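**Q** This structure is in structure tokens; I'll ask about it shortly.
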Amino acid sequence: MLDWAEHHWAGDKARTLCETLAYDHDAERQVLLARRGYQDLGAVEDVRIYGLEKTYSEPVLPSGFCITTVQENGDHAGRIALENAIWQAHLDEAWFRGKSSAPHYSLDWDLVIISPEGEQVAACLVWIDRANQMAEIDPLGTHPDYRGRGLARALVLDSFRRMRACGMCHAIIASESDNRIVRHLYESLRPIETYQGHRWIKKLD
């Protein structure tokens, strides 16, 4: 795979670097990359695993807010608008159709918080892996106007409750290593395991 990537990327004059990700527990891959001339630039991703057999606190929401799903709410346009507000993106109905047709996507696992005014203000998408009894949260976000109210925490806790109810044993959440705000949230939920993904680069000739 590295041979293919280096060969094809080197043929693109706009690319001067070949880069990949290696987790800190994968010593074999790190040795391979170092031998091929890659340099470790440090951690860029934190991955946390949570044991769903643990007892977590109940989600707490401000008065008038509620958690529902895109399936129950049915407002696809509102979900798209929320995604754009969270990530400063420019997504449209085609994006939603593509996302919702992805394997393992379910409208029942696309969780949203509704404000007292009926607007979608936070979202948490859960990907269920029933074969391995694991689930991943990706992404999780809150509308800029509603941050700092504990909405993201409430979504994670509610998703944990739903995961456990359907037989999941572990939950996975990955985040950028330099994001102190999300680090505080995810660490406060007491993961049972944490590891990091490091960015490795190689200068192309």
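Bear in mind these aren't lab numbers, they're just calculated from the coordinates by the rules spelled out. Fair warning: this is a prediction, and the values are worked out from it, not measured in the lab. Every residue, glycine as well, gets a Cβ built from its backbone with ideal geometry; the counts of neighbours run over all protein chains shown.
**Q** Which whole DSSP H helices in the chain pass both tests: a Cα extent of 15 Å or more along the axis and a mean Kyte-Doolittle value no lower than -1.0? Could you put the intermediate results ahead of the total?
**A** Numbers: long enough: 76-87 (17 Å, 0.18); 151-165 (21 Å, 0.23).
Span-like helices, by this rule, are 76-87, 151-165.
**Q** Further question: Using the reciprocal of the averaged 1/r over all distinct C-alpha pairs, how large is the Kirkwood radius of region 54-168 in Å? Walk me through the numbers on the way to the answer.
**A** On the way: mean 1/r = 0.0692 Å⁻¹.
Evaluated over region 54-168, this radius sits at 14.5 Å.
**Q** Right, another one. With a cut-off of 8 Å between alpha carbons and a minimum separation of six or more residues, what is the relative contact order of region 54-168 in percent? It would help to have the intermediate numbers written out before the result.
**A** Details: 166 pairs, mean separation 33.0, N = 115.
Answer for region 54-168 is 29 percent.
**Q** For a quick check, take a GNM of the chain with Cα springs below 10 Å and name the residue from ILE181, ILE86, ILE173 with the largest mean-square fluctuation.
**A** ILE181
**Q** A further question on this structure: Among the trypsin sites (Lys or Arg not before Pro) within region 70-160, which fall in a DSSP loop and have no more than 11 other Cβ atoms within 10 Å of their own Cβ? Before the final figure, lay out each step's value.
**A** Details: sites: ARG79, ARG97, LYS99, ARG130, ARG147, ARG149, ARG153; in loops: ARG130, ARG147, ARG149.
Taking region 70-160 and a limit of 11 other Cβ atoms within 10 Å, the loop trypsin sites (Lys or Arg not before Pro) found are ARG130.
**Q** Right, here's the next one. Please work out how much length the chain gains when fully extended from ASP24 to ASP145, using 0.36 nm per residue of separation minus the C-alpha to C-alpha distance, in nm with one decimal. Present the calculation step by step, with values, prior to reporting the outcome.
**A** Numbers: separation 121, 0.36 × 121 = 43.56 nm, distance 3.63 nm.
Fully extending the segment from ASP24 to ASP145 adds 39.9 nm.
**Q** Would you list, by chain and number, the aspartates and glutamates whose Cα falls below 16 Å from the Cα of LYS99, excluding same-chain residues fewer than 8 positions away?
**A** ASP75, GLU83, ASP108, ASP110, GLU136, ASP138
**Q** Follow-up question, since we're still on this one. Sort MET1, MET168, MET134 so that the residue with the fewest other Cβ atoms within 10 Å of its own Cβ comes first and the one with the most comes last. Walk me through the numbers on the way to the answer.
**A** Numbers: MET1 6, MET168 20, MET134 17.
Neighbour counts put them in this order, fewest first: MET1, MET134, MET168.
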